[in-house]
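To start, the structure itself, in structure tokens.
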Amino acid sequence: MIHYTQVSSEDEIFQIKALQQNNLAKNIAVEEAAEQGFVTVEHTLEELKLLNSEHPHTIAKIDNEVVGYALSMHPKFKNEIAILKPMFIEIEKYLPDANYMAMGQICIAKEHRGKGIFRGLYNAMKQFLPKGLTCIITEVDYRNSRSIKAHKAIGFVEVAKYIADDKEWSLIALK
């Protein structure tokens with residue numbers, strides 16, 4: 001049975017890091033990335049802990065195993081992770097008055113995809129948002145068609161397209 005919760009232990013941070021490593025675009029075959037999707041940003045354990053300290057990450061667990069995660073990234077950390085700085089510039093340009101939580105990355109273990117965990121993580125993340133926040137904002141690499149489709153299917157809308165780090169990104173929001 002899948003249980004949605006927020007990170008409450010260092011072991012869960014380590015499991016997120018391991019799941020991330022298994023799904024980084026640089027660590028999987030091009031064909032797998034095209035078919036299954038991928039994650040772009042490689043966070044350090046220190047970054048994962050720092051982001052979690054402000055607002056805990058949302059995780060999906062089966063027994064004691066983290067099988068999916070959605071990273072919470074409070075806007076106050078907008079200058080902490082270099083590859084994500086352009087996303088925050090675009091947010092400030094297109095949604096200057098938004099009261100939001102950035103979703104820093106979402107990932108589901110390969111053997112658990114197609115079971116509704118993606119939707120479950122976002123539903124849980126919305127429930128865990130601090131009072132007063134009205135939306136979740138993230139970006140998706142346009143090459144990641146599986147992720148683009150999944151985000152649209154649960155109600156994300158595109159706010160802007162932009163290019164950063166030689167990649168085309170879709171800035172998307174879920175109210």
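The values are calculated or read from the model by the stated rules, or taken from the named source; none is laboratory data. Fair warning: this is a prediction, and the values are worked out from it, not measured in the lab. Every residue, glycine among them, receives a Cβ derived from its backbone with ideal geometry; neighbour counts consider all protein chains shown. To get the accessible areas, we keep the full protein, side chains included, count just its heavy atoms, and leave off ligands, DNA and RNA. Shrake-Rupley method; radii C 1.70, N 1.55, O 1.52, S 1.80 Å.
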*Would you calculate a helix-derived [θ] at 222 nm for the chain, using -39,500 (n - 2.57) for each DSSP H run of n ≥ 4 and dividing by the full residue count, to the nearest 500?*
-10500 deg cm²/dmol
*Please list Asp165, Asp97 in order of solvent-accessible area, largest first, computed with a 1.4 Å probe with all protein chains present.*
Asp97, Asp165
*Distance from the Cα centre of region 137-175 to that of region 1-66, in angstrom?*
19 Å
_Shape of region 97-152, Cα gyration tensor, a/c cut at 1.5_ = oblate
*Once you treat every alpha carbon in the chain as an equal point and sum by Debye, what is log10 I(q)/I(0) at q = 0.08, 0.10, 0.11 Å⁻¹?*
-0.21, -0.34, -0.41
*Note down, for region 1-93, the three equivalent ellipsoid semi-axes (square root of 5 times each alpha carbon gyration tensor eigenvalue), biggest first, whole angstrom.*
22, 20, 11
*Quick one: how many Å² of Lys76 are accessible to a 1.4 Å probe, rounded to 10?*
120 Å²
*State, to one decimal in nm, how far the label point of Lys115 lies from the label point of Glu158, with both points 7 Å from Cα in the Cβ direction.*
3.2 nm
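Which helices, taking whole DSSP H runs in the chain, have alpha carbons extending 24 angstrom or more along the helix axis plus mean Kyte-Doolittle at least 0.5?
Flagged H segments: there are none.
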*Choose one of Gly114, Ile13, Phe77: the residue whose Cα lies farthest towards the positive end of the charge dipole of the chain (beta-carbon charges +1 Lys, Arg; -1 Asp, Glu; about the Cα centre).*
Gly114
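So how do Lys152, Lys126 rank on accessible area, 1.4 Å probe, biggest first, that is with the largest at the start?
My answer, sorted largest first, is Lys152, Lys126.
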*Mind ranking Thr5, Thr134 by accessible surface for me, highest first, 1.4 Å probe?*
Thr134, Thr5
